[in-house]
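Before any comments, here is the structure.
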Amino acid sequence: MTYIERMKGRVINLRKKEIVTILAIESSCDETSVAIVQNGRKVLSNIISSQIDIHRHFGGVVPEVASRNHILNIIPLVEQALDSAKLKLSDIDAIGVTQGAGLVGALLVGLTTAKALSYALDIPLIPVNHIKGHIAANYIAFPELTPPFMCLITSGGHTAIVNVDDYNHFSLVGSTQDDAIGEAYDKVARILGLEYPGGVKVDKLAQGVEPKIQFVHNDTLANNYNVSYSGLKTAVINYVHKLEQKGEKLDVPQICSSFQHEAVDMITKKVLRACKEYNQNKLVLAGGVAANSYLRSSLTEKCKAENISLYFPPLEFCTDNAAMIGSVAYYQLLTEEPADLNISALPSISLSNN
Ligand code: KG4
Ligand code: ZN
């Protein structure tokens with residue numbers, strides 16, 4: 001029997017098992033993480049090694065440096081995740097791994113490790129879309145949360161409003177036409193001389209500052225659910241350059257606050273409109289920018305007024321982690337075939353084509 005034939009058989013048996021224990025690996029960008037998750041909801045361990053201090057010197061993530069550090073981290077993290085869960089490799093039922101989106105070299109480290117574990121232990125390999133992972137972070141935080149719901153995905157690489165029809169089916173309502181919201185945060189931070197990772201710094205400096213600057217940008221997408229962050233980002237950059245040319249001092253907290261209000265208001269208006277049009281009374285936030293204090297507070301207030309139940313993950317599950325990948329892997333295992341060992345990393349995969 002070939003590997004894939006054996007794995008298909010194993011998956012059928014696992015679907016009948018009361019408790020399925022998945023070891024999950026995440027290495028799409030600058031965090032290496034290994035987690036052990038049972039039945040998609042119960043996290044036994046979730047070990048994260050962040051490379052922020054390494055990449056800070058370069059002002060952003062250097063892909064090759066990220067890959068090399070994932071290689072150094074990955075096996076010790078597998079061991080730590082098992083130790084922390086008080087389990088052995090023989091207790092693991094399946095391996096979940098981020099297949100994309102992300103940096104190709106970084107993804108390949110996790111994927112190769114996952115394939116090796118799958119082959120050596122003779123257990124199924126489940127490739128996971130990273131963005132599905134960010135959505136699933138909410139399943140871990142809220143045991144009562146089940147699809148369908150409306151989801152606002154705001155990450156470093158994606159900005160989208162999606163209807164989550166069930167655990168594995170999504171329909172896109174709107175998305176960014178250019179930059180992702182996190183990318184806009186990071187670029188604005190950079191022009192203001194703030195250290196990588198910039199989004200969280202902009203958020204901190206903006207706190208308690210009343211926004212006063214109007215960054216003029218053409219919102220040609222006002223009547224649909226798509227957004228553009230490139231125009232807003234350029235408006236901030238032009239504003240900063242003009243002041244610098246005149247030799248005037250920059251009011252950095254004011255710029256952060258004005259940018260943040262506009263960036264968040266643009267998307268929250270649309271997602272609330274989408275909830276109404278699609279008759280959804282549950283709204284879920286996902287992705288790194290879901291950690292943003294203004295996004296959280298503004299939607300908390302607006303959802304309360306509109307009678308919409310709002311869910312967002314605790315801060316530790318907003319950033320990249322393997323527990324969220326383990327959650328997706330479980331729900332995929334219930335309905336989808338396992339992967340063969342010849343799968344490759346998918347650096348630019350979107351939500352809809354998985
Ligand atoms: O979801 P994520 O890991 O990216 C992708 O998977 O693509 O999120 C990283 C992004 C970065 O752009 C970072 O600057 C942003 O999330 N971010 C924030 C905050 N915390 C992280 N942006 C705004 N406010 C924050 N508090
Ligand atoms: Zn992410």
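Apply the Karplus curve 6.51 cos²θ - 1.76 cosθ + 1.60, θ = phi - 60°, to the phi angles in segment 312-320 and return the couplings in whole Hz, x for Gly and Pro.
So the J values, rounded to whole Hz, are 9, x, x, 3, 5, 9, 6, 7, 4.
Got a sec? What order do LEU346, LEU172, LEU87 fall in by accessible area at 1.4 Å, biggest, i.e. largest, first? All intermediate terms of the calculation are to be shown ahead of the outcome.
Working: LEU346 70, LEU172 105, LEU87 40 Å².
Final ranking, largest accessible area leading: LEU172, LEU346, LEU87.
Compare ALA35, ALA141, ALA291 in a GNM of the chain, Cα atoms joined below 10 Å, and give the one with the largest fluctuation.
ALA141
Can you give the local net charge around LYS270? Use residues other than it whose beta-carbon is closer than 15 angstrom to its beta-carbon, Lys and Arg +1, Asp and Glu -1.
Every neighbour counted, the sum reads -1.
Normalised by the number of residues in the chain, what is the relative contact order in percent for Cα pairs under 8 Å and 6+ residues apart? Can you show the working numbers first?
Numbers: 721 pairs, mean separation 91.1, N = 354.
Result for the chain is 26 percent.
What is the local net charge at ARG56, summed over the other residues whose Cβ is closer than 12 Å to its Cβ (Lys, Arg +1; Asp, Glu -1)?
Values: positive: LYS201; negative: ASP30, ASP53, GLU195.
My count for the surroundings of ARG56 gives -2.
Determine the principal axes of the Cα atoms in segment 147-313, then give the extent along each, sorted from largest to smallest and rounded to whole angstroms.
Over segment 147-313, Cα extents along the principal axes are 54, 29, 27 Å.
Based on the Kirkwood radius over alpha-carbon pairs, what value in µm²/s does the Stokes-Einstein equation return for the translational diffusion coefficient of segment 1-106 at 4 °C and 1.567 mPa s? Don't jump to the answer; show the numbers that get you there.
Details: Rh = 15.1 Å.
Diffusion coefficient, whole number: 86 µm²/s.
Need the full-extension length gain, ARG68 to GLU336, defined as separation in residues times 0.36 nm minus the C-alpha distance. One decimal, nm. Walk me through the intermediate numbers first.
On the way: separation 268, 0.36 × 268 = 96.48 nm, distance 3.23 nm.
Result: 93.3 nm gained on full extension.
Between GLU316 and GLU277, how many nm apart are label points set 7 Å from Cα along the C-beta direction?
Each label point lies 7 Å from its Cα, and together they span 3.9 nm.
Could you order PHE215, PHE58 by accessible surface area, starting with the largest, using a probe radius of 1.4 Å? Numbers along the way, then the final one.
On the way: PHE215 15, PHE58 120 Å².
So the residues, ranked largest to smallest area, are PHE58, PHE215.
Given a 10 angstrom Cα cut-off, can you work out which residue in LYS304, LYS204, LYS246 is the most mobile in a GNM of the chain?
Greatest mean-square fluctuation among the candidates belongs to LYS246.
Beyond 27 Å, how much of the Cα-Cα pair distribution for the chain remains, as a whole percent?
Tail fraction, whole percent: 47.
The values are calculated or read from the model by the stated rules, or taken from the named source; none is laboratory data. As the structure is a prediction and not an experimental result, all values here were calculated from the model. Every residue, glycine among them, receives a Cβ derived from its backbone with ideal geometry; neighbour counts consider all protein chains shown. Just so you know, the surface numbers come from the protein's heavy atoms only, side chains and all, with ligands and any DNA or RNA stripped out. Shrake-Rupley method; radii C 1.70, N 1.55, O 1.52, S 1.80 Å.
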